[in-house]
Amino acid sequence: MGSGPGLILLHGGMQAAQNLMKLAAALSDAFAVYVPDRRGRGLSRPFGDNHGVEKEVQDLEALMAGTGARDVFGLSAGALIALRATLELATLRKVALYEPPLAIDGAPSPMAWVPRYEKELAKGDLAAAMVSCMRGTGDPSIIRMPRFVLVPLMRLAIRTDAASEARSEARDDVPLDVLIRSVHFDARLAAQMEGTVENFKAVGAEILLIGGDRSTAYLRAALNALAGILPNATRIELPGLGHIAADDAGQPERVAGVLRPFFSGDVPFRA
């Protein structure tokens, strides 16, 4: 989408490329924007038995080689992949990370919700699993609503989405039930990245760390820890925004407003 220097957008958990279309459009007048479906979604490869962060980094490397893009934005689990890639892909120039769920010693665990999600997923209760995941990210609008209200709403959303899929032969977005199941693999990425913050002391790429002031404490803790470790990092907090600000359902134009100057030009970015 668009033209100019290549820029890759990596979506987060319970998302697919379809969730970052507004962000891509907002940046497409200045960049050639590539928004892949990560593994297990759309036309991408299945997860496989040994799926993990290394496979995701390999996929990113292949996309960079195929497009010539050297700049990457990652949201949540996508930010974990982009962060790990800074250790392995020397061609990376600039990387923007929106709230990677990286476990930090002394901070609340970003994985506390996962056992309940996995139990509900194993029982086939996708609506309950979806609620557990959404509440685990700390989105204020979700936390305030009780589970007995949220779960029936999510069941309705899943049924409506499935009915829409059945009616449409041309539908190209990823069904909701597939996205809910995919969180199992993104939780695995987060577990693999736990305790690795010290590994990023010598990263050469320029990094922009972005978060919202409405996000949960463990996400802010991860950004603050990375800001203290990464040698070429700038930290920005966006007022009034939460974890899904870059999503089509959030305020992607505000996220684009900080990404554009960061990825434009060759001078170091300053907030």
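Just a few scattered comments:
- For A227, the test of being surrounded by fewer than 19 Cβ atoms within 10 Å (Cβ to Cβ) and either of a type in the set (F, W, Y) or free of Cβ contacts under 8 Å to residues at least 24 places away in the same chain (or both) is passed.
- Lone qualifier among L179, L219, L156 - being surrounded by fewer than 14 Cβ atoms within 10 Å (Cβ to Cβ), under 21 Å from M14 (Cβ atoms), at pLDDT 90 or above and not acidic (D, E): L156
- Flag for A249 being in a helix (DSSP H, G or I) and either outside the structural domain of R93 (by TED's automatic domain parsing) or of a type outside the set (F, W, Y) (or both): no
- Wholly within segment 19-129, helices (runs of 4 or more DSSP H) carrying at least 3 residues that are within 20 Å of G2 (Cα to Cα): 21-27, 53-67
- Condition check for R84: basic (K, R), in the same structural domain as L209 (by TED's automatic domain parsing), touching a residue at least 60 places away in the same chain (Cβ under 8 Å) and in contact with a Leu (Cβ under 7 Å, 6 or more places away or on another chain): no
Condition check ((1) touching a residue at least 60 places away in the same chain (Cβ under 8 Å); (2) surrounded by 24 or more Cβ atoms within 10 Å (Cβ to Cβ); (3) not small (G, A, S)) across all residues:
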{"site": "M64", "(1), (2), (3)": "no, no, yes"}
{"site": "A79", "(1), (2), (3)": "yes, yes, no"}
{"site": "T91", "(1), (2), (3)": "no, no, yes"}
{"site": "Y98", "(1), (2), (3)": "yes, yes, yes"}
{"site": "P110", "(1), (2), (3)": "yes, yes, yes"}
{"site": "R116", "(1), (2), (3)": "no, no, yes"}
{"site": "L121", "(1), (2), (3)": "yes, no, yes"}
{"site": "A127", "(1), (2), (3)": "no, no, no"}
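The values are calculated or read from the model by the stated rules, or taken from the named source; none is laboratory data. Remember, predicted model here, so these are calculated numbers, not experimental data. As a convention, Cβ positions derive from the backbone with ideal geometry for all residues, glycine included, and neighbour counts pool all protein chains shown.
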